[in-house]
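First comes the structure, then the notes that go with it.
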Amino acid sequence: MGEGKRGKPSSELERLQIFAQLATEYFRMVELFSADGGPVPREPAEPAEPVDSVDAAAAERTHWIELFRAVLLRKFIVPDEHVSLKLVVRALRLCNYAADVRITEGADQAATLFTDGMIRGRQKLMSGLAPDDQDDAHDLFEDVLYGRLLHGDADRFRRSGWAEDYARLSTVAAGRFHAEHALRKALDVVSYGLAQDLLRSPDPGGDAGGASCADAGPGA
């Protein structure tokens with residue numbers, strides 16, 4: 001699936017500018033909303049309330065923080081999103097008009113850090129959760145995000161019941177969070193390029209979408 005036209009950046013440079021701001025905000029959110037960032041809100045305790053109720057509330061809090069974090073991360077890892085790592089790496093290569101070595105090497109490192117398994121390929125973790133007639137390549141984690149958080153898609157909601165298994169969802173989410181290493185690398189490189197005025201859209205008219213380039217990252 002290619003990049004959608006709706007809301008598409010006017011140029012590859014604008015793509016990088018938008019990415020830099022959104023990625024910065026993402027990492028700030030991760031810093032602010034940590035699972036141990038404060039007391040766990042819950043109903044007033046009864047005198048004889050078991051101590052493990054606090055642990056259960058903490059687990060529930062972690063569950064929701066991980067889901068929201070995964071939702072915000074999604075736009076950086078799904079290939080056809082406008083600020084996906086795939087398209088950001090491509091834009092870095094296209095906009096590196098001065099052939100700066102740091103930008104070239106940084107873009108390559110980000111592409112290497114971002115693996116296909118961060119998007120799909122968690123069959124082992126998903127085993128036993130999908131119906132027998134379901135496509136093996138179907139991403140059940142996406143069903144959780146679409147069927148429960150982003151949209152109310154009924155089909156995806158029905159497939160997402162496994163999300164109540166906090167331990168398994170946390171394990172699957174952790175695989176996605178590995179993409180933050182690539183995201184951080186890309187952000188550092190883009191921020192450096194913008195600060196040093198080393199990035200420029202290859203087309204003076206602004207839109208470099210038609211330019212040819214090497215594929216970057218998974219899903220290309």
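Given a Förster distance of 25 angstrom, what is the FRET efficiency for Ala154 paired with Glu81, based on the Cβ-Cβ distance and rounded to 0.05? Between Ala154 and Glu81 the formula returns 0.60.
As a rough guide to protection, the peptides 91-104, 154-167 ranked by mean Cβ packing within 10 Å, highest first, stand as 91-104, 154-167. As a calculated quantity, the FRET efficiency between Thr62 and Ser191 at R0 = 25 Å, using C-beta atoms, amounts to about 0.25.
None of the figures in this text is laboratory data; all of them are computed from the coordinates on show. These numbers were taken from a predicted model, which means no experiment stands behind them. Don't worry about glycine lacking a Cβ; one is built from the backbone with ideal geometry, like all the others, and counts go over all protein chains shown.
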